[in-house]
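Below: one structure, written as structure tokens.
The values are calculated or read from the model by the stated rules, or taken from the named source; none is laboratory data. Since the model is a prediction, treat every value here as computed from it, not as a measurement. When we count neighbours, we look across all protein chains shown, and the Cβ atoms used for this are built from the backbone with ideal geometry, even at glycine.
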Amino acid sequence: MNETLDRPIITCRELIDFIADYLDRALEPVQQLDFDRHIARCSSCRAYLASYETTIRLAKAANTEDQAIVDAAPDDLIRAILAMRK
Amino acid sequence: MTAIPHDAALVARLRAKDDDAFEALLRTHMPRLLRVARRFLQNEEDARDAVQDAFISAFRSIDRFESGSTLATWLHRIVVNASLMKLRTRRRHPEEEIDDALLPKFAADGHQVEPSTPWSMSAEEMAAQSEMRELVRGCIEQLPETHRVVLIMRDLEEMSTEETAKALGITPAAVKVRLHRARQALRTQIDRCLKEGRRS
């Protein structure tokens with residue numbers, strides 16, 4: 001008998017608690033199996049997981065788009081720091 | 001690991017107290033580091049102060065630069081620490097928790113009370129919209145500081161859980177909890193925004 005498959009399906013609450021570790025690939029093998037079994041049959045958690053991942057990418061994108069702009073270092077601040085060094 | 005050749009030459013000049021080398025370092029790295037400090041401090045004057053403190057500290061400790069990383073990552077770490085120090089000195093409010101209304105709700109059986117539905121746009125499509133970028137930045141700014149700082153360090157500055165925990169003086173487990181709740185709160189606000197857009 002396969003003890004892992006005999007385990008009850010975890011709840012949405014448990015799955016959502018696992019998401020950050022799932023994305024970090026830090027789940028224990030048994031937790032990973034529990035996660036996979038739940039996500040395979042729960043469309044709501046699949047949607048939650050996808051939107052959680054999108055949130056992370058969007059947070060990064062919303063805060064890095066300004067990096068495309070090559071702005072100059074403020075001269076007054078450079079002068080102040082160089083003066084303080086001496 | 002040794003410093004990359006370009007860094008090694010510059011570090012040698014910095015250690016020799018070469019004025020041009022100090023200015024070159026400032027001009028090369030300051031724009032990026034100012035952006036980092038602004039994310040933490042949300043205030044131009046404080047960001048400039050933090051960057052100034054960081055560079056002065058870097059100049060004074062250049063002899064201790066171990067070449068185990070690049071100058072860019074070494075300076076990044078110093079600016080993050082200077083920004084955190086600045087936050088600590090200006091902290092006036094008791095720590096807040098994330099509003100429960102921004103976290104998912106579960107029924108007694110552990111299932112989501114309000115089932116999640118797929119988003120119609122990808123991160124790239126949303127990031128292309130200036131209103132959405134503004135919304136996301138605004139939501140991050142409004143997170144309780146303890147959670148906002150963790151989200152910035154982990155998801156924006158791409159620091160590890162361990163580095164973040166060490167810099168903040170908290171446990172890796174606390175970093176994980178705060179990060180997860182901050183992401184969930186942000187996700188809820190984006191979800192609401194998308195649903196409102198669908199209704200209007």
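Being surrounded by 14 or more Cβ atoms within 10 Å (Cβ to Cβ) and either closer than 22 Å to B:GLU158 by Cβ or out of contact with any Phe, Trp or Tyr (no Cβ under 7 Å at 6 or more places or on another chain) (or both) holds for only one residue in B:LEU71, B:LEU14, B:LEU26, and it is B:LEU71. The criterion of at least 3 residues that are loosely packed, with under 14 Cβ neighbours inside 10 Å is met, among helices (runs of 4 or more DSSP H) falling completely within the stretch A:24-86, by A:29-41, A:75-85.
Looking at B:ALA185, B:ALA127 in this structure, which one is touching a Cys at 6+ places or on another chain (Cβ under 9 Å), under 30 Å from B:HIS76 (Cα atoms) and surrounded by 12 or more Cβ atoms within 10 Å (Cβ to Cβ)? If you could, list the steps in order and put the result at the bottom.
Numbers: B:ALA127 fails: touching a Cys at 6+ places or on another chain (Cβ under 9 Å).
The conditions single out B:ALA185.
With respect to B:PHE40, determine if the residue is at pLDDT below 90 and crowded, with 16+ Cβ neighbours inside 10 Å. In short, no. Considering the stretch B:102-125, the residues that are under 29 Å from B:LEU168 (Cβ atoms) and touching a residue at least 12 places away in the same chain (Cβ under 8 Å) include one that is nearest to the other protein chains (Cβ to nearest Cβ), namely B:PRO104.
The lone criterion from (1) surrounded by 15 or more Cβ atoms within 10 Å (Cβ to Cβ); (2) in contact with a His (Cβ under 9 Å, 6 or more places away or on another chain); (3) not in a helix (DSSP H, G or I) left unmet by A:LEU15 is number (3).
So that you can scan it fast, the table gives a plain yes or no per residue for (1) free of Cβ contacts under 8 Å to residues at least 12 places away in the same chain; (2) within 11 Å of another protein chain (Cβ to nearest Cβ); (3) among the hydrophobic types (A, V, I, L, M, F, W, C):
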| position | (1), (2), (3) |
| --- | --- |
| B:LEU135 | no, yes, yes |
| B:MET153 | no, no, yes |
| B:ILE170 | yes, no, yes |
| B:LYS176 | no, yes, no |
| B:ALA185 | no, yes, yes |
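Report whether or not B:ARG77 is facing chain A (nearest Cβ under 10 Å), within 28 Å of B:ARG137 (Cα to Cα) and either touching a residue at least 24 places away in the same chain (Cβ under 8 Å) or in a helix (DSSP H, G or I) (or both). So B:ARG77 fails the test.
Among the candidates B:ALA50, B:ALA37, B:ALA12, B:ALA24, the residue that is more than 10 Å from chain A (Cβ to nearest Cβ), assigned to a helix (DSSP H, G or I) and more than 19 Å from A:ARG85 (Cα to Cα) is uniquely B:ALA37. For the stretch B:67-99, the set of residues classified as at pLDDT below 90 and under 30 Å from A:TYR48 (Cα atoms) consists of B:GLU95, B:GLU96, B:GLU97, listed by residue number.
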